[in-house]
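Report on one structure; see the data block that follows.
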């Protein structure tokens, strides 16, 4: 139950988040660069899925990117990378977050439980 609640909250935050950036990112150029770097420099990136899977996923994201926020595109790219079993290659999309729309808590997952490690004092409601 805790996981379902957390998943719903995270999903809500991801799809409702707007960011304080004025210019739209040129995703076509950035995604082409990402494909080039992953294929040329990443050791064993294609052990689980093929290069064609990456290219088709990137092309799908490129087509969708016109209708999505930059934050949503970044999440889709991160999800695509994760499908390749690569847990250490990550996008830094913190600059796309609107901090006023983030839950002010720090969670730790232990086995199947989530524990709130800290919360910002301003977020405490009486």
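The values are calculated or read from the model by the stated rules, or taken from the named source; none is laboratory data. Given the structure is predicted, the values throughout are model-derived calculations rather than measurements. Please note: Cβ atoms are built from the backbone with ideal geometry, for glycine as well, and neighbour counts cover all protein chains shown.
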Of the residues in the stretch 66-97 that are outside any loop (DSSP other than H, G, I, E, B) and at pLDDT below 85, the one that is nearest to residue 43 (Cα to Cα) is 94
Exactly one of 55, 38 is assigned to a helix (DSSP H, G or I) and at pLDDT below 90, and that residue is 38
Just the residues that are loosely packed, with under 13 Cβ neighbours inside 10 Å, closer than 15 Å to residue 73 by Cα and in contact with a helix residue (DSSP H, G or I) (Cβ under 8 Å, 6 or more places away or on another chain), please, taken from the stretch 88-110. 90
Any idea which of (1) part of a helix (DSSP H, G or I); (2) more than 15 Å from the chain's Cα centre (by Cα); (3) surrounded by 10 or more Cβ atoms within 10 Å (Cβ to Cβ); (4) modelled with pLDDT under 85 is the one residue 115 doesn't satisfy? (1)
